[in-house]
Each structure stands twice: as structure tokens, then as C-alpha cells.
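The values are calculated or read from the model by the stated rules, or taken from the named source; none is laboratory data. For clarity, every value in this text was computed on a predicted model and none was experimentally measured. A quick note on method: Cβ atoms are made from the backbone with ideal geometry, for glycine too, and the neighbour counts reach across all protein chains shown. Accessible surface is based on the protein model in full, side chains and every heavy atom, while ligands, DNA and RNA are left aside. Shrake-Rupley method; radii C 1.70, N 1.55, O 1.52, S 1.80 Å.
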Amino acid sequence: MCGIVGYVGRAQERSAAGGNGAHDALDVVIEGLRRLEYRGYDSAGVAVVADGAVETRKKAGKLGNLVAELEQRPLPESLTGIGHTRWATHGGPTDANAHPHLADNGRLAVIHNGIIENYAELKQELRAKGVTFASETDTEVAAALIGDMYRGAAGGDITKAMQLAAQRLDGAFTLLAVHADQPGVVVAARRNSPLVVGLGDGENFLGSDVSGFIDHTRRAVELGQDQIVTITPDSFVITDFYGRPAQGKEFEVSWDAASAEKGGFPSFMEKEIHDQPAAVHDTLLGRSDAQGRLILDELRIDPAELKQVNKIIVLACGTAAYAGLVAKYAIENWCRIPTEVELAHEFRYRDPIVDKNTLVVSISQSGETMDTLMAVRYAREQGAKTVSICNTNGSTIPRESDAVLYTHAGPEIAVASTKAFLAQITAAYLLGLYLAQLRGNIFSGQIKDVLADLGKIPEKIQQVLDNAEPLRELARSMKDEKSVLFLGRNVGYPVALEGALKLKEIAYLHAEGFAAGELKHGPIALIDEGQPVFVVVPSPRGRDSLHSKVVSNIQEVRARGARTLVIAEEGDEAVREYAEYVFYVPETPPLLMPLLTTVPLQIFAAELAQAKGFDVDQPRNLAKSVTVE
Ligand code: AGP
């Protein structure tokens, strides 16, 4: 839930050409926190080691408040620093509760992401030793524990102190610490919370994800569960919590700095909506051959085991769960395997039926959603095979799954998920086709046709993006609306749910998605004169089309005064007489339609929120990655 950055550099001559000399720690840390601010932004702080002391600055509110503080009260030059942007869990967003927290008479600074579940008993134990606390946070307790170990059993070794403290902590944590006695050293511990190492030349970095150091290096090392890493300018040493040597996994970060910027759009969300052709394209890239055979090398599960699968359970939250709902239609259609879609936080507590023939597919953009992670863990304990569809390399959920199918949407910075959603659906289609290919449910010719249709989606999304101005005008005209309803059937139903969620989370508008057939069973009572209702209309083509039923639904709401706003397939003239407004998307096979019909609803929500003057990228009360249950 929080953004974390650490840096150590070696004092060296900056080359005359202004090359890669060591950086000032504060510059690196603040720059990294800017990129990580989406992970939480209700307070921020930094600590540096300089002149035999630890100096900190921290402020409630967004990162800009901290930057202003630093201008007022500059920190000394330093080559060792840590920084933190927070999303409050224990203790409100105040200056005192902001990280870093100090211990050992102000000579030790600690920052933390996660929740220390046993902090209350540890706090009592430390108080009994005479320790006093300045904040309500669990982090300050962790800092005090590290300080206590440093002065005690660790004998002045900060790495040992972190190891000993980590052994005592329960819950989820990424901890970073610096000590005045040890400039040039940052030590970190992780359990159930993200941390990656960035490897530089004469300098090394730590980040809650690669965005924290993307401007300086693309060489990264993912840490495993219950590991400690100590970085210096020229080394990184990984151990377990007991000091035994351990290994991380080195990888090359494919994102460059530019791709994490807005690229000229008014918001990250707008940029990411426009990234969607590439997100779908890149997720498909290299995953099939010219003959239309799927090649999913990263799916490290024995094909013989996959053939035994007799049930699929998709686990996810929010938008990712709606991607799962779309996937369900495709997977059941192609593979004929019963596929359930479960909200991860519900699944784990309902004593679900899971065994070795169950394939659990988790979907998560961040790979850190605690609800989804804990549900995946539970499923594994029950013997299920687990596949993670994830957008964040090196994150926890894929690391704890049997296999991973990464989406290649690039960094999704806006809290409201857009390109990750389309990439998740795409990856789920690939998984469904792969299973169908493996089990012989459909012929390779049919798979090849579906892949060819998928290959045309990026350009069709681009057409939607290029023709969106009338939709934007409609959104601006509706900025004072109080409620919008969304209807859809079959694969259009999850699209209706997603369209409603977008409007809720960035325009703070009451919005609700319904299965269109459900209308007469209650929701139609909501229809009042002028009530805006979006309707996602399926293609009229094909004998099984639900087109006529959905047109009837449009008539039902229209007869009661609704404003009918229709998303339909190009060439569908029949809907015009029942619609106040029609937005057409290019013709495409029904199962693939969500990749197109979602886009106008994303644009509508973003434009309406912008018209209301809201912060589209960091909506109130929300954070990009929900790493607490
Ligand atoms: C979607 O716009 C929201 N930000 C939220 O519903 C999100 O999809 C959900 O929290 C799951 O996040 P994840 O994909 O990172 O697991």
C-alpha cells in the first residue's frame, strides 16, 4: 500500500561528461517517490545519513508537502537515504505518523509497508524496557524493536538487528532501515509485501516496485519471502531471517522511464486508456506460432496435470474480477471446463471445494492485492494448481503461484485500472485457448481464427479512441448527473459492471451495473424521468444473438423515461430508434467484444471526472494496490 525507496551511492568523481557519477541520495529518493506516489499518498518522508547522524523530514499530505518542507529545511548532502509515501493503516495521516520512524536515540530510521499484526504486545514489551513512542503506528514499534536488537543481541550490526527483529514480527512487512553508525548501508526485510533491488554502477537501489528506481537502472533482483537484503554501493547480500545465505532472482526491467510518464495526456488514466492497443498487442506478442499454436512457455505446469483439470476458479478483486467474469464465458465456451469467478475475499472464508484437479487462476494488476494473495495461498494449501495473470514482474502473487502469465500492459499508474483490464482479458483468452489446445476441445484451425481475430483488436481499439470526441462531449454535458445505470447481457454484463465501477471510483457518482435480464426483477423501479442508462448491445449477427432481448430491455427503460445511451456494433441500425445516443464500435466476434465495448465507458468516466475537476489518477479514499486485507 505504500511507496518505498532506498539508495546507497559511492563518493566518486562525477565524470566531466556528467556521466553516471554517484547521485545525491535525496534526489534519487524524491524522484523515486514521485513515481511510487500512486501506491499511497496521504503522507511522505525521507531520511539520510550524513555527518555521523540521521536526518529526517516528513509531512502529512501529498509528496508536494514534503518537497516544500525540504525547501524550507534542507537536508545535508548524503549518499545514503530512504523514503516513503504512505496509505494509512495504523494511525491517521499525520506528520507524527508519517514515516520514517526513529529509534536508538534518533540514530536509526525505519520505513515500512504492510501491517505488523503483533505490534501491540511488542509495544508493551518495549515500553517495559523504558522505550517511549511518538506515534500510533506499528512501524514505530518495529523501529524500536530493531533499535533494541541493535544495541543488544546484534552488537551494533544493523543487518543482524534487522534479522533478529524480523524473527519477532508477525504480519506483512517490507522494512528499510539506515543507522547513523553505518553510512553507505541500507538494510531491508520483506514478508508478504513487495520489495525489489535495483543494481547500479557504484550505487544500488531498493523499491516497493521497479518504478522507484526506473530512471537509474533496469537491472533488478526480486526478493523471496522472509528475506533480508543489505545493500552498499558495490554489493547486495541476501539472507533469510536467520542469517543463512539466500538467493534473489535477477531480471531485466522492460519498462523505461518514459513509459511511466503521462506522455502528454492530461492524466495517467487517459494515457493508459490510449496505451490499450499496445497493451493488447504486447500481451499477445510471442505467444503463438505461424500455425496458430499457443506457446505459453512461462506456464510451468505439467500439461498432463492441466489435462486433468475438471474445475477452474478465477480469484480476483474489483476490475480484475470483472476481467475474470469475461474470461469465464470464453474459457467455458472453448474448454468446456466449469469455471467459477470468485471475489478473493469471499472465497477464502466460505470453505470452498478445491482439490488437485482444480486450477485456480488469480488475476491481479499489482500482484500484491492481499485479499487475492491470501486466497491463492489458501487454494494452494488445498492442493490446487495456481496460475497468476499479473502485470507486475517480481510481485508477490506470481512468485507464490505455480505458474504465471504476465500481461504486458506496462506500468499502470492511475488508480483506476484500464489497460490492465483489457490485458487481463487478453491473457485469460490465451489461457483458455491454450487449455483448449492441450485438451483437444477445439481444432487448431479454430484457435488460429480466434488468434487472428484477437490480432485485429489493437487497431479496432484505436478506431474507438480516434472517434471518441462526441462521447467526450456527452460526458461533459452530464457532469452534474447524480446517477447512471449500466446494462449488459452475457459478456456485456461484466462490461456494464466495469463501466459502473469506473464512474464510481473516479467521478464519485452513484453508478450501478446490471444484467439486462435482471431489470424486471427489481432494478427497473429505479428508472425515473431522465435517468441516464448505458446499454451494451451485443452484435445482431449470429443465430444465438441476444440482440433482440437487449433491444427489448432498452424499450422497457425508455418507456419509463430513461435516457438511453447505447454502445453498439457498427452497422446495427436497429438500435437507433430506441437510443438517445449511440456509440458504435467496430464489428468483432461476440466473445471478444468486451475488448472494444469497455473502452467508450472508460473514456466517458475519465472525461466526466475531468469535467468535474477531480484528480482522475488519485481518486479519494483509494490506493493503487490494496496490500491489506
Ligand atoms: C479498479 O479500477 C480498481 N483500482 C480496483 O478495483 C482494482 O482492480 C482491484 O483493487 C484489484 O487490484 P489488482 O488488480 O492490483 O489485484
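Summary table
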read-out	value
So L343, is it over 13 Å from the mean Cα position of the chain (by Cα) and either modelled with pLDDT under 95 or farther than 30 Å from Q618 by Cα (or both)	no
Test: Q163 is within 26 Å of D95 (Cβ to Cβ) and either over 26 Å from the mean Cα position of the chain (by Cα) or modelled with pLDDT of 95 or more (or both)	no
One residue from E368, E400 being surrounded by 24 or more Cβ atoms within 10 Å (Cβ to Cβ), touching a residue at least 40 places away in the same chain (Cβ under 8 Å) and among the charged types (D, E, K, R)	E368
Breaking point among (1) within 16 Å of the ligand (Cβ to nearest atom); (2) closer than 18 Å to E400 by Cβ; (3) open to solvent by 10 Å² or more (accessible area, probe 1.4 Å), for S362	(3)
Residue identified as in contact with a strand residue (DSSP E or B) (Cβ under 7 Å, 6 or more places away or on another chain), farther than 25 Å from A278 by Cα and more than 13 Å from the ligand (Cβ to nearest atom) among E481, E400, E473	E481
Conditions (1) in contact with a Phe, Trp or Tyr (Cβ under 7 Å, 6 or more places away or on another chain); (2) over 26 Å from E400 (Cα atoms); (3) in contact (Cβ under 8 Å) with a residue 40 or more places away in the chain; (4) not aliphatic (A, V, I, L, M); number of the one not met by Y150	(1)
Checking E272 against (1) within 16 Å of the ligand (Cβ to nearest atom); (2) modelled with pLDDT under 95; (3) open to solvent by 10 Å² or more (accessible area, probe 1.4 Å); (4) among the charged types (D, E, K, R), the condition it does not meet	(3)
Scan of region 283-320 for residues that are more than 24 Å from D402 (Cβ to Cβ) and either open to solvent by 50 Å² or more (accessible area, probe 1.4 Å) or acidic (D, E) (or both), ordered by number	D289, A290, Q291
Matching residues, region 280-308, being out of contact with any Pro (no Cβ under 7 Å at 6 or more places or on another chain) and under 24 Å from N490 (Cβ atoms)	T283, L284
The listed residue being away from the ligand (no atom under 16 Å from the Cβ), under 24 Å from S193 (Cα atoms) and open to solvent by less than 10 Å² (accessible area, probe 1.4 Å), out of A375, A344, A379, A384	A384
Members of region 466-478 found to be hydrophobic (A, V, I, L, M, F, W, C) and in a helix (DSSP H, G or I), listed by number	L471, L474, A475
Every pair of residues 6+ apart whose Cβ atoms lie under 8 Å, when the first sits in region 613-629 and is at positive phi while the second is away from the ligand (no atom under 11 Å from the Cβ) and open to solvent by 70 Å² or more (accessible area, probe 1.4 Å)	none
Matching option when the condition is modelled with pLDDT under 95 and more than 16 Å from the ligand (Cβ to nearest atom), among Y584, Y578	Y578
Criterion (touching a Cys at 6+ places or on another chain (Cβ under 9 Å) and more than 14 Å from the ligand (Cβ to nearest atom)) met by exactly one of I337, I331, I312	I312
The lone exception for G152 - which of (1) crowded, with 16+ Cβ neighbours inside 10 Å; (2) under 23 Å from D240 (Cβ atoms) it fails	(1)
Residue that is surrounded by the fewest Cβ atoms within 10 Å (Cβ to Cβ), among those in region 110-138 that are within 24 Å of the chain's Cα centre (by Cα) and not acidic (D, E)	I115
Candidates G513, G499 - the one that is among the small types (G, A, S) and either away from the ligand (no atom under 16 Å from the Cβ) or open to solvent by less than 10 Å² (accessible area, probe 1.4 Å) (or both)	G499
Search result, residues across region 157-178 that are closer than 19 Å to N113 by Cα and not aliphatic (A, V, I, L, M)	T159, Q163, Q167, R168, D170, G171, F173, T174
Residue within region 469-476 that is at pLDDT 95 or above, surrounded by fewer than 23 Cβ atoms within 10 Å (Cβ to Cβ), touching a Ser or Thr at 6+ places or on another chain (Cβ under 8 Å) and charged (D, E, K, R) present	no
Residue within region 387-394 that is near the ligand (Cβ under 9 Å from one of its atoms), buried (at least 24 other Cβ atoms within 10 Å of the Cβ), of a type outside the set (A, V, I, L, M, F, W, C) and modelled with pLDDT under 95 present	yes
Condition met for L519 (crowded, with 24+ Cβ neighbours inside 10 Å and not small (G, A, S))	no
Residue count, region 405-432 (criterion: within 10 Å of the ligand (Cβ to nearest atom) and not hydroxyl-bearing (S, T, Y))	7
Residue check, D449 away from the ligand (no atom under 16 Å from the Cβ), assigned to a helix (DSSP H, G or I) and either more than 26 Å from L285 (Cβ to Cβ) or open to solvent by 10 Å² or more (accessible area, probe 1.4 Å) (or both)	yes
Residues satisfying the stated conditions in region 587-619, i.e. in a loop (DSSP other than H, G, I, E, B) and either within 13 Å of the ligand (Cβ to nearest atom) or polar (S, T, N, Q) (or both)	T588, V616, D617, Q618, P619
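Here is a yes/no grid of residues against (1) surrounded by fewer than 18 Cβ atoms within 10 Å (Cβ to Cβ); (2) of a type in the set (G, A, S); (3) under 15 Å from G492 (Cβ atoms):
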position	(1), (2), (3)
R558	no, no, no
G571	yes, yes, no
P594	no, no, yes
L608	no, no, no
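Yes/no matrix, rows are residues, columns are (1) touching a residue at least 60 places away in the same chain (Cβ under 8 Å); (2) open to solvent by less than 10 Å² (accessible area, probe 1.4 Å):
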{"site": "D181", "(1), (2)": "yes, no"}
{"site": "R191", "(1), (2)": "yes, no"}
{"site": "V196", "(1), (2)": "yes, yes"}
{"site": "D201", "(1), (2)": "yes, no"}
{"site": "G207", "(1), (2)": "yes, yes"}
{"site": "F213", "(1), (2)": "yes, yes"}
{"site": "V221", "(1), (2)": "no, yes"}
{"site": "V229", "(1), (2)": "no, yes"}
{"site": "P233", "(1), (2)": "yes, no"}
